[in-house]
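Reading through the structure tokens given below for one structure.
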Amino acid sequence: MLVGVGTNGHIGMNEPGTPFNTYAHISTLAEETKTVGQKYFQKATVLSQGITLGLQHLRESNCLS
């Protein structure tokens, strides 16, 4: 699994305040995430939610090498 960290500290669209026991879910995006996310679209696009793996998935993941 590869996730990004947003400018407001979100981890893979798990916005600050997301409970640590969540699995895959639809996340309501913070205003900062909506604004920054516009760079991925050629024209203005209404952003409000995102599908993401939850923080519990991160906690349960293993590194295989």
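Every residue in segment 1-25 that is free of Cβ contacts under 8 Å to residues at least 12 places away in the same chain, of a type in the set (A, V, I, L, M, F, W, C) and either in contact with a Cys (Cβ under 8 Å, 6 or more places away or on another chain) or in a loop (DSSP other than H, G, I, E, B) (or both), please.
Leu2
For residues that are hydroxyl-bearing (Ser, Thr, Tyr) and not in a strand (DSSP E or B), tally how many sit in segment 26-46.
4
Restricting the search to segment 48-65, which residues are modelled with pLDDT of 95 or more and assigned to a loop (DSSP other than H, G, I, E, B)?
Scanning segment 48-65 gives a single hit, Ser48.
What are the pairs, 6+ residues apart or on separate chains, where a residue within segment 34-49 that is within 22 Å of Gly9 (Cα to Cα) has its Cβ under 8 Å from a residue that is among the hydroxyl-bearing types (Ser, Thr, Tyr)?
Lys34/Ser48; Val36/Thr7; Gln38/Thr45; Leu47/Thr33; Ser48/Thr28; Gln49/Ser27; Gln49/Thr28
Looking only at segment 1-50, count every residue that is in contact with a Lys or Arg (Cβ under 9 Å, 6 or more places away or on another chain) and either under 30 Å from Leu64 (Cβ atoms) or surrounded by 12 or more Cβ atoms within 10 Å (Cβ to Cβ) (or both) and tell me the total.
3
Please verify whether segment 37-44 includes one or more residues that are among the aliphatic types (A, V, I, L, M) and within 13 Å of the chain's Cα centre (by Cα).
The answer is no; no qualifying residue exists.
The values are calculated or read from the model by the stated rules, or taken from the named source; none is laboratory data. Just so we're clear, the structure is a prediction, and the values are computed from it rather than from any experiment. FYI the Cβ positions are ideal-geometry reconstructions off the backbone, even for glycines, and counts take in every protein chain you see.
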